[in-house]
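The values are calculated or read from the model by the stated rules, or taken from the named source; none is laboratory data. This is a predicted model, so every value here is computed, not measured. Positions of Cβ are backbone-derived with ideal geometry, glycine not excepted, and every protein chain shown enters the neighbour counts.
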Amino acid sequence: MIDSRIFGHQWATAEGRAIFAEKARVVRWLEIVIALAEAQAECGIIPAASAEEISGLRDVDLPIDDIAARTRQTSHSTLGMIQVLRDLLPASSAEHVYYGTTVQDITDTSQVLEMRAVGLLIWRDLWLLEGDLLHLAEVHRETPMAGRTHGQPGSPISFGFKAASWADEVGRHLQRMQEMRGRWLVGQFGGAVGTLAFFGDHALTLRAAFCRRLDLSEPDISWTNSRDRLAEFANFAAAAVSSLARIANEVYALQRNEIGELAESSRPGTVGSITMPHKRNPEDSEQIVALSRLVRSLAGILTETMVQEHERDARSWKVEWATFPELCHYALAATAMARELMSGLEVNADAMQRNLGFGSSSERLLSEMSARLGKHRAQETLQEAYRRAREERRPVVEMLEGVATAAELAELPKVDVGASGPMVDRVIMTARNRRSSETENWL
């Protein structure tokens, strides 16, 4: 579905495809090979002239078909590219390309660069989404609606309270991204079994220079068989997209005609059903939920790759090659859709008021009567009154005559959203204080 010309817009974004396109992958590998050669020249391991000639390959349009053919011929993940690069270099520098490194150094470091590129987009989308949610929370600070538990109307809340809850959760994901990036954006350079023995006394100096050129942190120890960084990123993505699915689920449920409190914006030309012309389907909400299920599933697979054998185990890390890009495509599609969903969200305050229902004041009434009767006796009394009102289809006030005082009955028409407003204020203040030192750029 990611590459579908018909359906691809629902499963991936143009920005995600640009990151994971085959040519982009090869260019990324080449950048890593160049960074390694430049670091080796800096450390006196290879001649500076060789590093300069290898760096000159940056301007070459590498022949993907030739690399692919040689990869199949050699049955080696990167030897096809190495052979092509050697053919493009003078003999004096051909021996210094990909010098002393191994497949996993290239592919792991490439995956970290992909993680950085995807992280930048996820951060941007979540940061902008949080801004939209904070605006909704502020505008609807006092807009009353039914709070719902077990799928049924309960006591009133404000819609701002609901939106602030969404914003607060998204804000925590942004905080996680700030906290985790130091663990995620770490280069890999370990050689055959992680010890860098090929480079003798130059090993750690070279690794530091290599990571610095790619603007990545240097690990304390090689992590060829330690996959927690990628698993953490994957599970972060799963949690973040699941939060978006929680929001989308609310829009999906509250857009039902019989509720009608929220609605996705409708674009011109959108068709809900070719057999039921009246329909207006929550397409983006549905898709976000579907994408979240896939991201959670793929995060589970990437967590499985943490179980390794010995110092290198391709049975696990090659699984990442297929799974990680797919997870990123779905996550980026979900964050982009969530932004679109919230930026055009339609809020029907009249429907919210209408749906409050006859029990919307029961919690407040219970509080008033508890002071006189005791909480449990008051609860039993009100439970019976509301039961009879439902069964006899009569106003609950009639069931309470002689049971509740006039002052207590005066609570029935009131709509009390409790501390919704002050909590909305606190979420907004906390988020704005944090955002004052941030931009939509993660790094």
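The single residue among G131, G200, G190 that is part of a loop (DSSP other than H, G, I, E, B), out of contact with any His (no Cβ under 7 Å at 6 or more places or on another chain) and at pLDDT 95 or above turns out to be G190. Applying the criterion of being under 17 Å from E31 (Cβ atoms) and part of a loop (DSSP other than H, G, I, E, B) to the residues of segment 43-76, the residue that is farthest from the chain's Cα centre (by Cα) is V60.
When E401, E320, E391, E368 are screened for being outside the structural domain of T143 (by TED's automatic domain parsing) and surrounded by 17 or more Cβ atoms within 10 Å (Cβ to Cβ), only E368 passes. Restricted to segment 1-28, and to residues there that are under 17 Å from the mean Cα position of the chain (by Cα) and assigned to a loop (DSSP other than H, G, I, E, B), the residue that is farthest from L214 (Cα to Cα) is W11.
Which count do you get for residues in segment 401-440 that are among the charged types (D, E, K, R) and part of a helix (DSSP H, G or I)? Total satisfying the criteria: 6.
Between L345, L341, L332, which is farther than 30 Å from V415 by Cβ and modelled with pLDDT of 90 or more?
Result of the check over L345, L341, L332: L332.
If you go through segment 152-168 one residue at a time, how many are surrounded by fewer than 20 Cβ atoms within 10 Å (Cβ to Cβ) and in a helix (DSSP H, G or I)? Final tally of qualifying residues: 1.
Pairing residues of segment 124-146 that are closer than 13 Å to R435 by Cα with residues that are among the hydroxyl-bearing types (S, T, Y) and not in a helix (DSSP H, G or I), at Cβ distances under 9 Å and at least 6 apart in sequence or on separate chains, gives W127/T439.
Looking across E53, E31, one residue alone is touching a Lys or Arg at 6+ places or on another chain (Cβ under 9 Å) and at pLDDT 95 or above. It is E31.
Could you please let me know if V307 is β-branched (V, I, T) and not in a helix (DSSP H, G or I)?
So V307 passes the test.
Here is the figure for segment 381-433: residues that are more than 31 Å from the chain's Cα centre (by Cα), under 30 Å from D132 (Cα atoms) and small (G, A, S) total 1.
For every residue, the table says whether it meets (1) assigned to a helix (DSSP H, G or I); (2) among the hydroxyl-bearing types (S, T, Y); (3) under 30 Å from A290 (Cα atoms).
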| position | (1), (2), (3) |
| --- | --- |
| V170 | yes, no, yes |
| G182 | yes, no, no |
| T195 | no, yes, no |
| A209 | yes, no, no |
| W223 | no, no, no |
| F233 | yes, no, yes |
| A239 | yes, no, yes |
| A245 | yes, no, yes |
| N249 | yes, no, yes |
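Can you tell me which residue within segment 257-297, out of those that are acidic (D, E) and not in a loop (DSSP other than H, G, I, E, B), is modelled with the lowest pLDDT?
Filtering segment 257-297 for residues that are acidic (D, E) and not in a loop (DSSP other than H, G, I, E, B), the one modelled with the lowest pLDDT comes out as E283.
So is V97 in a helix (DSSP H, G or I), touching a residue at least 12 places away in the same chain (Cβ under 8 Å) and outside the structural domain of W321 (by TED's automatic domain parsing) or not? No. Please go through segment 92-151 and pick out each residue that is on the phi > 0 side of the Ramachandran plot and surrounded by fewer than 20 Cβ atoms within 10 Å (Cβ to Cβ). Within segment 92-151, H150, G151 qualify.
Which residues, counting only those in segment 329-367, are of a type in the set (S, T, Y) and either under 30 Å from P395 (Cβ atoms) or in contact with a strand residue (DSSP E or B) (Cβ under 6 Å, 6 or more places away or on another chain) (or both)? Give the steps one after another, and end with the answer.
To start, the set of residues in segment 329-367 that are of a type in the set (S, T, Y) comprises 330, 335, 343, 360-362, 367.
Across segment 329-367, the qualifying residues are S360, S361, S362, S367.
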